[in-house]
Amino acid sequence: MAYRFRLYPTDEQRTALAKTFGCARYVYNWALDLRTQSYCEEGKSVSYTDTSKALTKLKRDEDHEWLKEPSSVALQQSLRNLESAFQNFFDGRAGYPSFKRKHGKETARLASNAFTLYGKSLSAAKGPGALNVRWSRDLPDTCNVTSVTLTKDSAGRYFVSLTCTEEKDPLPETSKTVGVDLGITDVAVTSDGHKSGNPKHLENDLYRLKKAQRRLSRKMKGSENWKKQKRRVANIHARIADKRNDFLHKLSRKLVDENQTICLETLNVKGMQQNRSLAHSISGTGWSTLVRQIEYKAEWAGRTVVKIDRWFPSTKRCSACGHVRKTKPLSERHWRCEECGESHDRDVNAAKNIRTVGLTGAADAASDSGGHSKTRGAFVRTAHGPVNE
Ligand SMILES: [Zn+2]
């Protein structure tokens, strides 16, 4: 788990950070080159340990003395990052590692021996003075910080990310189970009728983003004005991401805090993303991010997430009597069941059906585990919805 905070370095610290970022990038690219050359020309593969030894040699070299200035831990970490990039490549998870470019996001990671954290005073080894971190929230008492990553994004903002090993911190049990329908007008609608809304302010930002991007395309690439405009575009991007994340974090927190079991339909997310006319608003709402957040928060809190991944008629079925309607116009927000006369809000009805299917699945799981259903610690399981229509 990682906690990210905004960082406001002093001028002196900025200079030091720029050096660290530059050296970390240099070492990464240098080692990538070394590994590639050696393999291409001699057919010899170079391991992490080999690069580590070569780095020690390189630093003794007169022309490379400047590599001694930043924390050596950050440089070692570059080699480790490269190693995992190669591992991902060998395992088929990613393409061949590429060189890190000067412009763009810059990072340096410090292992536990390269920073000190006392209470809220954080300083990097060799870095001048304590860093000015905006502690927007408290770290949990159970959190043990194992590494610190310093980042400068393309909008020129600095961040510090603290990676923690964390003890689970279960919440008191509740008996509530909720079904959640993921949608567009509302990112999430729950079976008890709560509607999350969709962060509308994003629309203004998206409009401004489009405008700024258009302006950028009219500037001469590489010119001062182009750089300025590029910074503006990056700023808007960053603001959109911040607002979106904030919204999703609050939503997932609330769902996990208030419910013991959370049932989600995860199949539609994919299906609807293929629908081009809806795609834009969905990518803006970030369903998969929300689902991921609910899952990890549930795990710490000892809650259960039930994912329903088989299609079932959640919007067409009456949650009161089980009657399935033949048609389901997407625009119809309210409808009355022709069988039992119950009137429904489309999304709340869907969420209620999701809850019902999830509960059936959860019951199965409890009996599967031989009565261990009361054990704390979340399990994420997949329930299959009824396929009969
Ligand atoms: Zn009905």
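The values are calculated or read from the model by the stated rules, or taken from the named source; none is laboratory data. As the structure is a computational prediction, the values presented were derived from the model and not from experiment. FYI the Cβ positions are ideal-geometry reconstructions off the backbone, even for glycines, and counts take in every protein chain you see. To get the accessible areas, we keep the full protein, side chains included, count just its heavy atoms, and leave off ligands, DNA and RNA. Shrake-Rupley method; radii C 1.70, N 1.55, O 1.52, S 1.80 Å.
Selection over the stretch 327-355 of residues that are within 10 Å of the ligand (Cβ to nearest atom) and either in contact (Cβ under 8 Å) with a residue 24 or more places away in the chain or surrounded by fewer than 14 Cβ atoms within 10 Å (Cβ to Cβ) (or both) gives a count of 9. Just one of (1) open to solvent by less than 80 Å² (accessible area, probe 1.4 Å); (2) in a loop (DSSP other than H, G, I, E, B) fails for T163. It is (2). Evaluation of V189 against the conditions (1) assigned by TED's automatic domain parsing to the domain that holds W300; (2) surrounded by 18 or more Cβ atoms within 10 Å (Cβ to Cβ); (3) not in a strand (DSSP E or B) shows that the sole unmet condition is (3). Just one of the listed residues (R14, R35) is closer than 18 Å to S154 by Cα and not small (G, A, S), and it is R14.
Screening the stretch 252-267 for residues that are assigned to a helix (DSSP H, G or I) and surrounded by fewer than 19 Cβ atoms within 10 Å (Cβ to Cβ) and picking the one that is modelled with the lowest pLDDT gives L267. Can you name the residue in the stretch 100-122 that is crowded, with 16+ Cβ neighbours inside 10 Å and of a type outside the set (A, V, I, L, M) and is also farthest from C143 (Cα to Cα) among such residues? Among those residues, the one meeting the criterion is K100. If V306 satisfies every condition in (1) away from the ligand (no atom under 16 Å from the Cβ); (2) modelled with pLDDT under 90; (3) not in a loop (DSSP other than H, G, I, E, B) but one, which is the exception? Tallying (1) away from the ligand (no atom under 16 Å from the Cβ); (2) modelled with pLDDT under 90; (3) not in a loop (DSSP other than H, G, I, E, B), V306 fails exactly one: (2). If you go through the stretch 166-181 and keep only what is open to solvent by 20 Å² or more (accessible area, probe 1.4 Å), over 23 Å from K120 (Cβ atoms) and under 21 Å from the mean Cα position of the chain (by Cα), you end up with just K168.
Remark: pairs (first residue in the stretch 314-326, in the same structural domain as A351 (by TED's automatic domain parsing); second residue open to solvent by less than 40 Å² (accessible area, probe 1.4 Å) and within 7 Å of the ligand (Cβ to nearest atom); Cβ separation under 8 Å; 6+ apart in sequence or on different chains) = C318/C337; A320/C337; C321/C337; H323/C337; V324/C318; R325/C318; R325/C337.
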